[in-house]
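Some notes on the structure that comes next.
Coordinate-derived values only; no laboratory data. What you are looking at is a predicted structure, and each value in this text was computed from that prediction instead of being measured. Here the Cβ positions follow ideal geometry from the backbone for every residue, glycine too, while neighbour counts run over all protein chains shown.
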Amino acid sequence: MRRRSLLIAVPTGLVTLAACGDEGSDSSKATDSASPSASATSAAPPPKIVDGPLPAITAGRKFGEKPTVAKGGGEPSEQLAVKTVIAGSGRTVAENDYVVAHYLGQIWDSAKVFDNSYDRRTRLVIQLAQGSIIDGWRYALTGRKTGSRVEMAVPPTWGYGSQGNQQAGIEGTDTLVFVVDVQDAFNARSSAKGTEVAQDDIGLPKVGTNTDGAAPAIEVPRSDAPKKLVANYVIEGDGEKVAATDSVLVQYKGVLWDGGKEFDSSYANKQLVSFGLQQVVKGWAQGLTGKKVGSRVLIVVPPELGYGDNPPAGSGIAKDSTLVFSVDILAKM
């Protein structure tokens, strides 16, 4: 069984994850309405992917523009209708990847828009995994390329099921139409991308700059640990700055200052991690605030901003340990 991230299992007294189930649970916070993340695990068999019918996109036809979609004509397919409206040229999306997307969702029969991310100006970042997202998205987006606009018509079987979604006004018999602009995708081999920054301070750890998806090396100096938080770019990206209230998707590796032993790593777990900056140890929250998406950041966390005298049981972290992290900020939620 994959061990749970220590970043999630923070002891009481520090910034904790309140009643959190697992990594990735924050991504549904982008909306109070019926986002495609609001789905229970489905036991339905895989659908047959068909070409249509699909209603016309009548306005906002460019990638990234809020679309206007016509009312569905006639009866929708009982299978999953999918069309690549705009073909992207990025990497191919695979199941269990995290996708970054803008989207609009409406009901086939009425053309009622029940949700869209364009007006919120907040992209959805969510994993294409069973139980994380409605199955219609999972099946429709797998195999598409980033940079693509995909339209789909999702029957209840691969949407919200026979129970529908009362909050959004979705009945259990409603077929749902989505237009999705797939802007990016990440998996367990994703890395930071940007400009390398000189690591000139001999009193600080040196972090590898490889961007091949492998865990970077962290070389800890044989000197006293700094007393204050350190948060320096190793690779500086060109994305948006992270705010203290944001959630982020990251790769990371953590080692002890004393001895340099690794105690946790998303690379070893082969699983990206998402969390809100208000849900993790203070050293992470403060260290990542203001940093740019796409960056790799060295964070040195003194005990009072980490686990202090109450480290997680079985973590191998001694009391009052200084912790050293390499963190790749892949996306902002």
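Things to note:
- Virtual paramagnetic centre 7 Å along Cα→Cβ of Ala243, amide N under 20 Å, in the range 278-308: 278-280, 284-295
- Rounded to the nearest 5, the antiparallel percentage of DSSP beta bridges internal to the chain is 95%.
- According to the Cα-based calculation, Rg over Rh for the range 195-332 is 0.93, with Rh computed by the Kirkwood formula.
- Peptides 134-140, 82-88 ranked from most to least packed give 134-140, 82-88, packing being the mean of other C-beta atoms within 10 angstrom over each peptide's residues.
- Summary of the geometry: the range 230-302 and the range 179-224, compared by the centres of their Cα atoms, lie 10 Å apart.
- Summed residue charge, Cβ within 11 Å of Ala318's Cβ, Lys/Arg positive, Asp/Glu negative: -1
- Placed amide H near Asn310: partners under 5 Å, 5+ positions off or other chain: Asp320
- Lysine pairs in the range 31-186 whose alpha-carbon atoms fall under 26 angstrom of each other, counting only those eight or more residues apart or on distinct chains, come to 15.
- Contour minus Cα-Cα distance for Glu196 and Asn310 (0.36 nm per residue): 37.5 nm
- Our estimate of slack between Lys66 and Ala318, defined as 0.36 nm per intervening residue step minus the Cα-Cα distance, is 85.6 nm.
- Magnitude of the charge dipole, the chain, Cβ model with Lys/Arg +1 and Asp/Glu -1, debye to 20: 360 debye
- From phi via Karplus (6.51, -1.76, 1.60), per-residue ³J(HN,Hα) for the range 147-164 in Hz, x at Gly/Pro: x, 9, 9, 10, 10, 9, 10, 10, x, x, 4, 10, x, 9, x, 5, 7, x
- Gyration tensor (alpha-carbon) shape descriptor, the range 31-186, a/c threshold 1.5: rounded
- Most mobile listed residue (Thr209, Thr245, Thr146) in the chain, GNM with C-alpha springs under 10 Å: Thr245
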